Structures are given as structure tokens and as C-alpha cells.
Amino acid sequence: MTDGQLSRVIARAAEDETVELDLTWREIRSLPPTGASLTRLQRLSLRSNWLQELPPKLAQLPNLKALDVSDNLLDDEFPAPIMAMSQLEELDIGRSSLETLPEGFARLRNLRKLLLEFADLKDFPRALLALPDLAEVNLYGNALCELPPDIGQMTALGACSWIPITFLFGQRP
């Protein structure tokens, strides 16, 4: 998808007051500034594109509750705009080379569902312990060797996807 095509799709979505926008597999390399005009948007999928960063204006989408940026090129450093999205309830940032989550991740106090599969995590992200509403976490495919002893304080966890458990402790089938 060219930049012009993407700008037109976003402009049309803003005009139609779209609440859900799926831009999966569109070969997007960057997001145009017009994205901030999507003020009614609640769900955004940018899955499987070529994004290397997220624009700061993405954090200005006031109604965005679910964001999927998995399988992009958002490697090494966690995207700062996400940490400004305190209204997020669902986040998928799997298939990234993050290795860790910053302490500021704990600002996502409304997060209920977090998908971090195959994110190259070596240790359990301690920032998750500070998220009171986090009910579902997918850490499949990471190289976690142990869980923190205070994981029991994550009382909202109900549908935690830790399978296969052997991966959690560094054993390979």
C-alpha cells in the first residue's frame, strides 16, 4: 500500500467515524499524520507490516481500546507512544525482539489482555505485576526460566496462556 493509498483509507475511516480499522498485511512502512484524525477509533490492527516505529500522534487517539502491532519491525526498544495510551485494554506486540518491558509499562493500568508471544523475553516482565486488571497474558515462545514469587498478586489473571509449560523453564521438547 502506498503512502497516498494509506492516507486515503485513513481519511475515509475518519470521515465515516470508523470504530475498527484493520490494516493487516498492507506493507506499511510508516503511518501518516492523518492517523490522529481517527477520534472514534476503538480497535486498530497494524499486524504484519514493516513498521519500525510508531508515531507519537497515535497516542492521541482518545477512544482506542485495542491495538495490534505484532509482527512488525518494532525491535529492541519498546514503542514510547504505547506507554502514553493509558486507555488501552488490549495490546498485541508479539513477534517482536523486545527482550524486556520498560518500567513505564505499568502506566497501562486499564490493560486486560496482553499478547507477548515470541517477543524474545528472557525474564518475566516485572511491570506486569503492577497492572491490576490484567486478566489474560500470553508469553508463549519466550525464554522465561522462572516466574517471580509475587506473581500471586496478579489476582485478575484468569485465562493465562503459559502453554507449553516446558518452555517456561527453558526446556525444549
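Structure notes:
- Residues that are among the aliphatic types (A, V, I, L, M) and in contact with a helix residue (DSSP H, G or I) (Cβ under 8 Å, 6 or more places away or on another chain), drawn from region 5-32: Ile10, Ala11, Ala14, Leu21, Leu23, Ile28, Leu31
- Scanning region 113-153 for residues that are farther than 19 Å from Arg47 by Cα, under 14 Å from the mean Cα position of the chain (by Cα) and charged (D, E, K, R) returns a single hit, Glu136.
- Here region 115-156 is the region considered, the condition is being of a type in the set (Phe, Trp, Tyr) and touching a helix residue (DSSP H, G or I) at 6+ places or on another chain (Cβ under 8 Å), and the residue that is surrounded by the most Cβ atoms within 10 Å (Cβ to Cβ) is Phe124.
- Sole exception among (1) outside any loop (DSSP other than H, G, I, E, B); (2) in contact with a helix residue (DSSP H, G or I) (Cβ under 9 Å, 6 or more places away or on another chain); (3) farther than 21 Å from Ala59 by Cα; (4) not β-branched (Val, Ile, Thr) for Phe105, by number: (3)
- Where strands (runs of 3 or more DSSP E) fall entirely within region 1-88, none has at least 1 residues that are exposed (fewer than 15 other Cβ atoms within 10 Å of the Cβ) and under 14 Å from the mean Cα position of the chain (by Cα).
- Hits in region 127-140 (condition: closer than 18 Å to Phe78 by Cα and part of a loop (DSSP other than H, G, I, E, B)): Leu131, Leu139
Rule-based calculations on the coordinates, nothing more; no lab input. What you see is a predicted model; the values in this text were computed from it and never measured. Cβ coordinates were reconstructed from backbone atoms using ideal geometry, including for glycine residues, and neighbour counts include every protein chain displayed.
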